[in-house]
Amino acid sequence: MPRFRGLNFARFIAAVPPDLIARFFERIPTDDRPNAWATLNPDALLAYLSDSANAEHAALIGETFQRISDISGAAAPVLFRACERYDIAADPSGEETPTALGFRVFLEHPEAFEFAWARYLLYGTGAKLSTFPFPRGTQAAPDAEALAGFRLALAGWLSDQAKGVQCRLQCFNDNGDLVLLVQRGTYVQTVSFWEGDELRIQSFRPAVEDVIVFEPETALLRVKAAYPAEREKYLRLFAAHFAGDPALADEAIATELFSLAPIQDGTFNYRGAGPIVGIELVKARLKLFGAVATVIEVKSADVLDSFRRDLGGLSLQSGLLLMARFKFRIKWMNERETSVTFEIDPPGRTDLTEHRHLALILGYLEQQGVKLR
């Protein structure tokens with residue numbers, strides 16, 4: 001049974017009506033597409049996907065199915081939000097699964113699907129997120145000139161970095177927020193493969209996706225990309241082409257001191273090290289995926305345990321983490337254990353004050369990627 005990034009094909013196919021599967025495969029050239037029986041029988045479709053002769057199509061199909069599955073599972077509120085925004089009616093039968101809805105949106109409403117995918121990338125993936133503050137009142141109108149200038153400058157930078165010149169820029173308005181989905185290239189990769197009895201070498205340039213969101217109400221720019229240099233470049237391009245003032249980027253970089261990405265993606269180590277004998281997350285503010293931008297605040301002796309036991313399927317991955325409050329437990333040799341509790345509210349606010357443990361705590365936060373500079 002083929003798998004793609006953990007996707008269970010049989011379960012996925014069972015959740016989608018056969019007519020949608022058939023319409024999807026009409027996109028494949030006639031000579032290569034699976035027969036009609038494969039759209040009705042999961043085992044026949046799995047056999048088609050498992051056949052090495054169909055490897056190229058199977059990879060594309062797997063990537064598409066995985067995307068639909070991603071925004072139809074835990075991130076389904078993003079999909080519902082897209083349907084509401086683009087006036088996509090629910091199935092009149094009332095029996096449509098979220099997966100089937102995601103599949104239908106992919107086929108019939110590509111712009112809505114790309115909008116949902118952009119929001120999913122911001123909230124639901126592990127790539128690093130930076131939050132940059134702009135002055136209150138900053139305007140960023142996505143007119144044609146700004147979009148063209150941003151794309152041209154980005155293509156030039158990518159070329160200088162040996163990442164190709166290919167880049168695609170899509171712009172959405174999400175209840176006043178400006179959302180940019182960037183699809184672009186990265187470094188060329190080379191692989192060896194067998195073609196019959198001959199060993200071949202092929203090079204290709206992978207495509208990656210980044211997301212930029214500007215929130216006029218808070219004047220915050222959120223950038224999700226894999227590497228700090230890429231996030232900084234997006235900031236500088238946005239300041240120059242959308243906000244109209246390149247100097248705003250330097251101010252924003254100087255202000256961004258903290259990131260909660262390690263808390264949200266699960267890489268933060270709560271066990272501590274040295275005199276830090278344990279850390280609890282005791283408060284969290286989360287902006288949910290949903291259609292009305294709901295913000296919830298969870299406060300307990302152990303917020304992670306509260307999500308696991310009491311909050312009905314919600315998790316730190318159910319939205320964007322806006323604020324976190326920590327309790328650091330500290331024990332030096334021959335001293336009693338003490339604790340320090342403080343909040344971090346990116347990009348730059350914290351109520352961690354001067355005291356004897358300050359350097360120890362800030363050093364640990366820097367090691368864990370929460371303190372940036």
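The values are calculated or read from the model by the stated rules, or taken from the named source; none is laboratory data. The model shown is predicted, which means the values in this text are computed figures rather than measured ones. Positions of Cβ are generated from backbone atoms using ideal geometry, with glycine treated the same way; all protein chains shown enter the neighbour counts. Note: accessible area is taken over every heavy atom of the protein model, side chains too, but ligands, DNA and RNA are not part of it. Shrake-Rupley method; radii C 1.70, N 1.55, O 1.52, S 1.80 Å.
When only residues in region 255-269 that are outside any loop (DSSP other than H, G, I, E, B) and touching a Gly at 6+ places or on another chain (Cβ under 9 Å) count, which is farthest from Leu122 (Cα to Cα)?
The first filter runs over region 255-269 and keeps only residues outside any loop (DSSP other than H, G, I, E, B), leaving 255, 258, 261-264.
Among the residues that remain, those that are also touching a Gly at 6+ places or on another chain (Cβ under 9 Å) are: 255, 258, 261-262, 264.
Values: Thr255: 21, Phe258: 17, Ala261: 11, Pro262: 14, Gln264: 12 Å.
Residue satisfying both the conditions and the ranking: Thr255.
Conditions first: (1) open to solvent by 30 Å² or more (accessible area, probe 1.4 Å); (2) modelled with pLDDT under 90; (3) over 30 Å from Ala22 (Cα atoms). Glu145 passes all but one, so which condition is the exception? Of everything listed in (1) open to solvent by 30 Å² or more (accessible area, probe 1.4 Å); (2) modelled with pLDDT under 90; (3) over 30 Å from Ala22 (Cα atoms), Glu145 misses just condition (2). Those strands (runs of 3 or more DSSP E) of region 129-189 in which at least 2 residues are closer than 20 Å to Arg205 by Cβ, considering only elements entirely within it, cover 167-174, 177-185. Checking each residue in region 243-253 for being open to solvent by 60 Å² or more (accessible area, probe 1.4 Å) and either within 28 Å of Leu286 (Cβ to Cβ) or hydroxyl-bearing (Ser, Thr, Tyr) (or both) picks out only Glu251.
Taken over region 226-254, the criterion of being of a type outside the set (A, V, I, L, M) and in a loop (DSSP other than H, G, I, E, B) is satisfied by Tyr227, Phe242, Gly244, Asp245, Pro246. Is there a residue in region 89-97 that is closer than 19 Å to Phe9 by Cα, surrounded by fewer than 23 Cβ atoms within 10 Å (Cβ to Cβ) and touching a residue at least 12 places away in the same chain (Cβ under 8 Å)? Yes, region 89-97 has at least one match.
Of all the residues in region 214-236, those that are under 16 Å from the mean Cα position of the chain (by Cα) and open to solvent by 30 Å² or more (accessible area, probe 1.4 Å) number 3. If you go through region 77-99 and keep only what is under 19 Å from Phe172 (Cα atoms) and outside any loop (DSSP other than H, G, I, E, B), you end up with Pro77, Val78, Leu79, Phe80, Arg81, Ala82, Cys83, Glu84, Arg85. Screening region 275-298 for residues that are part of a loop (DSSP other than H, G, I, E, B) and without any contact (Cβ under 8 Å) to a residue 60 or more places away in the chain and picking the one that is most open to solvent (accessible area, probe 1.4 Å) gives Val292. Would you check if there is a residue in region 254-262 being over 18 Å from the mean Cα position of the chain (by Cα), of a type in the set (Ser, Thr, Tyr) and open to solvent by 30 Å² or more (accessible area, probe 1.4 Å)? Looking through region 254-262, at least one residue is over 18 Å from the mean Cα position of the chain (by Cα), of a type in the set (Ser, Thr, Tyr) and open to solvent by 30 Å² or more (accessible area, probe 1.4 Å). For Gly272, all conditions in the list (1) touching a helix residue (DSSP H, G or I) at 6+ places or on another chain (Cβ under 8 Å); (2) in a loop (DSSP other than H, G, I, E, B); (3) open to solvent by 60 Å² or more (accessible area, probe 1.4 Å); (4) not hydrophobic (A, V, I, L, M, F, W, C) hold save one; what is the number of the exception? Condition (3) is where Gly272 drops out.
Among the candidates Ala127, Ala76, single out the residue that is modelled with pLDDT under 75, in contact with a Leu (Cβ under 9 Å, 6 or more places away or on another chain) and buried (at least 16 other Cβ atoms within 10 Å of the Cβ).
Values: Ala76 fails: modelled with pLDDT under 75.
Criteria check complete, one pass: Ala127.
Among the conditions (1) open to solvent by 70 Å² or more (accessible area, probe 1.4 Å); (2) touching a Ser or Thr at 6+ places or on another chain (Cβ under 9 Å); (3) among the aliphatic types (A, V, I, L, M), the only one that Met333 does not satisfy is (2). I'd like to check something: does region 341-352 contain any residue that is in contact with a helix residue (DSSP H, G or I) (Cβ under 7 Å, 6 or more places away or on another chain), free of Cβ contacts under 8 Å to residues at least 40 places away in the same chain and assigned to a loop (DSSP other than H, G, I, E, B)? Within region 341-352 (the criterion being in contact with a helix residue (DSSP H, G or I) (Cβ under 7 Å, 6 or more places away or on another chain), free of Cβ contacts under 8 Å to residues at least 40 places away in the same chain and assigned to a loop (DSSP other than H, G, I, E, B)), the answer is yes, since at least one residue qualifies. For region 151-180, residues that are under 30 Å from Glu84 (Cβ atoms) and in contact with a Phe, Trp or Tyr (Cβ under 7 Å, 6 or more places away or on another chain) total 5.
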